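Step one of this worksheet: look at the structure below.
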Amino acid sequence: MKSKRAVPDKEEPTLGLQIESPGVSAQNPISVSDLTSSIRELLETGLGEIWVAGEISNFRAPGSGHLYFTLKDPTATLTAVMFQREARSIGFALADGQAVLARGTITVYEARGQYQIQVAEIRPRGQGSLQQRFEELKRRLQAEGLFALERKRSLPVFPEVIGVVTSLQGAVLQDILQILQRRAPGLRLRVRGVRVQGPGAAQEIAEAIAAFSAEKTVDVLVVARGGGSLEDLWAFNEEAVARALAACGLPTISAVGHETDFTIADFVADLRAPTPSAAAELLTRDWTEWRQIVAKLHARLERTTRQALGDRRRHLARLASSHALREPRRVVRQWAQRLDELRTNLYGGIRRALQSRGQALRSVKARLAAHHPARELERRRAHLAHLAARLRTLGPQGTLDRGYALVLDGRGHPLFHAKKEMEGQPVRIVLSKGVMTANLVEAQPGTTLVDALHPRPDQTPAAPTKKPKPRRKIAGIPPANPA
């Protein structure tokens, strides 16, 4: 900054004034914000966009999607930030210790007064880093199943239109055209020219694949490029190309580099060709080869036809010499006789079957009549009446009706044994009709039914003496003299 801006030129009027810039004196200080903003403008406009080489340390990836890390070398460090929009385009995983190349703008984080690089693009540094990116993307896509054999499609045997995604300036397209013209001049070719290396090449290749897939105007699609280093072939190791091949609705062939070169596109495509020329040969067969195959098929068809005609002639000769054709009337008469025999057997079988079925029907009718519900109900009722009569006869009431009686003690329990200790106690005698109450005078435990029905004179119980009832005393009247 300039300390003072004076106007010494005498031709220009100054009115004796001097313009002083902020910050050059205590009377006119500059604020921290203004100073930081001035430094930021100087850095951004003075350096512009630059490439910085360094090693990543203090890497952080918060949930916002922005990436924060430090670029360092043996003697210095530089704070770096990569915002979410640019971070989405990274094709490999960042980690501490990686050597990278970062493209961005030097700016100032004004809240801390700290200068930093705002990264717009980041790449691994050196061959080892590219191979690391290759292996990381290969492992990730393989885990997603993009290399699985079951998703690979077979190529058409006779393609009519072939699509090619390659550079229009290279020798690859000329090699493919020469092979197709020599081996299958009737095939048509549709080509989409793209860049096959450098920034933006992967996006162009992916867009060309998606366009062919959407149009459906070709039978098979070839993605081709000549040989080169890993850096030269890197566009075919980008995730965008792999995703486009996986989503393509056409059978795809990857023909990138030489036979020893492998790219991610080779693993995702339905078929890998060692070279672009090999891809053209895989899709076509030499017409001489096809003529030989057709000649063999023609000879086989002619041989098979002759054999079939010979078999038919021999069969016709056998028919011509058969008795059926020499004496047709006799054959017809034999068949007529056979028909009569069959008719007789048929009628006899029908009659026997009808007789058997009729006899079975009559037997069923007889069984049904014997087990008719009315008769069965009548038999059930008679059996029920018989059981009711037996129940009445054998039941308690029937026993009482035959002259027996039921003797109950004072608690209503039936008496089965004669016991001396029950003499003088009241009992109830249940008869067929009616109930009597009595006092037990004498108990004879050893007496049987025969003894009870025919008692001996010495066993006849004496009549109990009747005691006179005592007279009640009436007040004021003396009792009568018994004498």
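The values are calculated or read from the model by the stated rules, or taken from the named source; none is laboratory data. Being a predicted model, the structure only gives us computed values, none of them experimental. No Cβ is skipped: glycine too gets one built from the backbone with ideal geometry, and neighbour counts run over all protein chains shown. In case anyone asks, the SASA skips ligands and DNA or RNA and just uses the protein heavy atoms, side chains included. Shrake-Rupley method; radii C 1.70, N 1.55, O 1.52, S 1.80 Å.
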Selection status of Asp96, over 48 Å from the mean Cα position of the chain (by Cα) and surrounded by fewer than 17 Cβ atoms within 10 Å (Cβ to Cβ): no
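Scanning the stretch 392-420 for residues that are among the β-branched types (Val, Ile, Thr) and either within 24 Å of Ala443 (Cβ to Cβ) or open to solvent by 90 Å² or more (accessible area, probe 1.4 Å) (or both), which turns out modelled with the highest pLDDT? Reasoning before the result, please.
Step one: of the stretch 392-420, the residues among the β-branched types (Val, Ile, Thr) are 393, 399, 407.
Applying the additional criterion that residues be either within 24 Å of Ala443 (Cβ to Cβ) or open to solvent by 90 Å² or more (accessible area, probe 1.4 Å) (or both) yields 399, 407.
Values: Thr399: 80, Val407: 88.
Applying the filter and picking the extreme gives Val407.
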Exactly one condition in (1) touching a helix residue (DSSP H, G or I) at 6+ places or on another chain (Cβ under 6 Å); (2) open to solvent by 20 Å² or more (accessible area, probe 1.4 Å); (3) not in a strand (DSSP E or B) is false for Arg192; which is it? (3)
So, restricting to helices (runs of 4 or more DSSP H) that lie completely within the stretch 196-274, which ones have at least 1 residues that are touching a strand residue (DSSP E or B) at 6+ places or on another chain (Cβ under 8 Å), surrounded by 23 or more Cβ atoms within 10 Å (Cβ to Cβ) and touching a residue at least 60 places away in the same chain (Cβ under 8 Å)? 264-268
If only one of Val52, Val81 is touching a His at 6+ places or on another chain (Cβ under 8 Å), modelled with pLDDT of 85 or more, of a type in the set (Val, Ile, Thr) and surrounded by 12 or more Cβ atoms within 10 Å (Cβ to Cβ), which one is it? Val81
Go through the stretch 142-167 and count every residue that is of a type in the set (A, V, I, L, M), open to solvent by 100 Å² or more (accessible area, probe 1.4 Å) and assigned to a loop (DSSP other than H, G, I, E, B). 1
Pairs please, first residue from the stretch 382-405 and within 23 Å of Met436 (Cα to Cα), second anywhere and open to solvent by 100 Å² or more (accessible area, probe 1.4 Å), Cβ atoms under 6 Å, 6+ apart in sequence or on different chains. Gly398/Arg392
Are any of the residues in the stretch 285-293 at pLDDT 90 or above, polar (S, T, N, Q) and open to solvent by less than 100 Å² (accessible area, probe 1.4 Å)? no
